[in-house]
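The values are calculated or read from the model by the stated rules, or taken from the named source; none is laboratory data. The structure presented is a predicted model; accordingly, all values stated were derived computationally and were not measured. Neighbour counts are summed over all protein chains in view; Cβ atoms, including those assigned to glycine, are modelled from backbone coordinates with ideal geometry.
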Amino acid sequence: MHKVLCLNKISPIGTDRLGAEYEFSTDMQNPEGILVRSAAMHDMELPAELLAIARAGAGVNNIPIAKCSEAGIVVFNTPGANANAVKELVLAALFMTSRKIIPAIEWAKTLKGSGKEVSKLVEKGKSAFAGPEILGKKLGVIGLGAIGVLVANAAQTLGMQVYGFDPFLSVDAAWNLSSSITKAASIDDILTNCDYITIHVPLNDSTRGLIGGDALAKTKPGVRLLNFSRGELVDTAALLPALESGHVAAYATDFPDDALIGVENVLAIPHLGASTPESEDNCAMMAVDQLKDYIENGNIKNSVNFPAISMPRDAQTRICIAHRNIPNTIGSFTALCGAAGINIENMLSKSRGDWAYTILDVSNDVTPDLLAELEALDPVVRARAI
Ligand SMILES: NC(=O)C1=CN([C@@H]2O[C@H](COP(=O)(O)OP(=O)(O)OC[C@H]3O[C@@H](n4cnc5c(N)ncnc54)[C@H](O)[C@@H]3O)[C@@H](O)[C@H]2O)C=CC1
Ligand SMILES: O=C(O)C(=O)COP(=O)(O)O
């Protein structure tokens, strides 16, 4: 029986796929797998038996990736599985930051009880809530991954002039991006030219504070800023005076902090980007399938710390080794197997940056002694037989 711990509410459409061979709970000791959404894991002790963490979603800043790699724990996410949900909320935010829809609705509520006067009061008061159209305006999209590409293409079909910036644009993203999107040469191109700016990059050490005082100073007066990625990408302390002076006309964020809540022209959304049944189902199915394939077969798809690797199984036993990407490591695996009288039928090894992963399909049973010898090799962080 495999054990999977669930740290957030994950769609049963996904968890039902675990099947009868899995014990699944929100509270258990020594799990082999963890399913998670946004729960903060940085302070969590990683169980010794833990093989993998599957993030049902995109962002993995809540997971201690480096610590997981050192422990040979494979971390998965579900690229693109919730991108459409975020795109739709970003489009809603484009309209809501333009047309003052939320304050206008709030004001309309205050007219309750005015009887026959309501329509007169509506016509008298509505001018306070006028706001511009998005048609023809310039939208800058920072980060053209799964979400950024969908937002850019959709905004372009709504008549916006769209500029995109992504120094690491993937080939897939380039294929999916409408040819009408203008390629920005630098982030400054976006900051200085655009009426609306939307951020779709992961939060990491190089993107934290991406939009700070210097960046805001370069933006056009009246710019509208949208952040559906992570709160810490924007420096709140620098943003607040820019909002107060009106230099930033509106800020829509899915990640409000205490200082932003209640501030005029801030649209504070409680992290709803991926909260649609469709996205929750997609993410859960992908996360569970990837986790199962890793636990049962040692195959890796959509990991953020180890390479993609997959091999059909046709031998008695599979040895899976997570290790550092160092020369001559594979030679020591085959030497140890040879010395133990193990016949390797098939093998595959892949690397990704500092880390690598090797699958050895062998025609014998594998003893705990051999696994211990493999694990004792300096570059190896985890060896197991399935
Ligand atoms: N509000 C919500 O509920 C959700 C928020 N997110 C957030 O959105 C982020 C993006 O999600 P996806 O588009 O699915 O991820 P993705 O990995 O497909 O795209 C991220 C893109 O950002 C680019 N990038 C990285 N650093 C950059 C930089 N300094 N400047 C410009 N581009 C840069 C990458 O090259 C990549 O193309 C996630 O990391 C997550 O933090 C994701 C899903 C739901
Ligand atoms: O996928 C992401 O990065 C998200 O931010 C979605 O988070 P959630 O799964 O809704 O807690």
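Listed residues VAL248, VAL263, VAL234; which is of a type in the set (Val, Ile, Thr) and within 16 Å of ligand 2 (Cβ to nearest atom)?
The match here is VAL234.
Being near ligand 1 (Cβ under 10 Å from one of its atoms) and surrounded by 16 or more Cβ atoms within 10 Å (Cβ to Cβ) is the filter here, so list the residues in region 250-274 that pass it.
Correct list: THR253, ASP254, PHE255, ILE269, GLY273, ALA274.
Could you tell me how many of the residues in region 115-149 are touching a helix residue (DSSP H, G or I) at 6+ places or on another chain (Cβ under 9 Å), under 18 Å from PRO79 (Cα atoms) and either of a type outside the set (A, V, I, L, M, F, W, C) or buried (at least 24 other Cβ atoms within 10 Å of the Cβ) (or both)?
Here the count works out to 6.
For region 33-44, state whether one or more residues are away from ligand 1 (no atom under 16 Å from the Cβ) and either in a helix (DSSP H, G or I) or among the β-branched types (Val, Ile, Thr) (or both). Break it down into steps so the answer makes sense when it comes.
To start, the set of residues in region 33-44 that are away from ligand 1 (no atom under 16 Å from the Cβ) comprises 33-35, 43-44.
Within this subset, residues satisfying the condition of being either in a helix (DSSP H, G or I) or among the β-branched types (Val, Ile, Thr) (or both) are 34.
Yes, region 33-44 has at least one match.
Is there a residue in region 58-66 that is among the aliphatic types (A, V, I, L, M), closer than 30 Å to GLN156 by Cα and either more than 16 Å from ligand 1 (Cβ to nearest atom) or in a loop (DSSP other than H, G, I, E, B) (or both)?
Restricting attention to region 58-66, the residues satisfying the condition of being among the aliphatic types (A, V, I, L, M) are 58, 60, 63, 65-66.
Filter again for closer than 30 Å to GLN156 by Cα, leaving 58, 60.
Cutting the leftovers down to either more than 16 Å from ligand 1 (Cβ to nearest atom) or in a loop (DSSP other than H, G, I, E, B) (or both) gives us 58, 60.
Within region 58-66 (the criterion being among the aliphatic types (A, V, I, L, M), closer than 30 Å to GLN156 by Cα and either more than 16 Å from ligand 1 (Cβ to nearest atom) or in a loop (DSSP other than H, G, I, E, B) (or both)), the answer is yes, since at least one residue qualifies.
Taking helices (runs of 4 or more DSSP H) that fall entirely within region 272-386, which contain at least 3 residues that are under 34 Å from the mean Cα position of the chain (by Cα) and within 16 Å of ligand 2 (Cβ to nearest atom)? Walk me through how you get there before you give the answer.
Working: elements: 277-297, 329-339, 368-376.
Filter on region 272-386 gives 277-297.
Would you please name the residue that is nearest to ligand 1 (Cβ to nearest atom), looking only at residues in region 45-57 that are over 19 Å from ILE300 (Cα atoms) and surrounded by 15 or more Cβ atoms within 10 Å (Cβ to Cβ)? Full working, then the answer.
We begin by selecting, within region 45-57, every residue over 19 Å from ILE300 (Cα atoms); these are 45-48.
This time we only want the ones that are surrounded by 15 or more Cβ atoms within 10 Å (Cβ to Cβ), so: 46-47.
On the way: LEU46: 22, PRO47: 26 Å.
Looking at the filtered set, the residue picked out is LEU46.
Mind checking whether some residue in region 93-107 is farther than 16 Å from ILE269 by Cβ, surrounded by 20 or more Cβ atoms within 10 Å (Cβ to Cβ), among the hydrophobic types (A, V, I, L, M, F, W, C) and touching a residue at least 40 places away in the same chain (Cβ under 8 Å)?
no
Could you check region 280-316 and list, in sequence order, the residues that are surrounded by 23 or more Cβ atoms within 10 Å (Cβ to Cβ), out of contact with any strand residue (DSSP E or B) (no Cβ under 6 Å at 6 or more places or on another chain) and small (Gly, Ala, Ser)?
The answer is ALA284, and nothing else.
Within region 77-91, is there a residue that is in contact with a Lys or Arg (Cβ under 6 Å, 6 or more places away or on another chain) and in a loop (DSSP other than H, G, I, E, B)? Spell out how you get there, then give the answer.
To start, the set of residues in region 77-91 that are in contact with a Lys or Arg (Cβ under 6 Å, 6 or more places away or on another chain) comprises 77.
Subsequent filtering for residues that are in a loop (DSSP other than H, G, I, E, B) retains 77.
Yes, region 77-91 has at least one match.
Test of understanding: among ALA58, ALA71, ALA48, which residue is within 16 Å of ligand 2 (Cβ to nearest atom) and not assigned by TED's automatic domain parsing to the domain that holds ALA152? Can you show your working first?
Details: ALA71 fails: within 16 Å of ligand 2 (Cβ to nearest atom); ALA48 fails: within 16 Å of ligand 2 (Cβ to nearest atom).
None of the others qualify; the one that does is ALA58.
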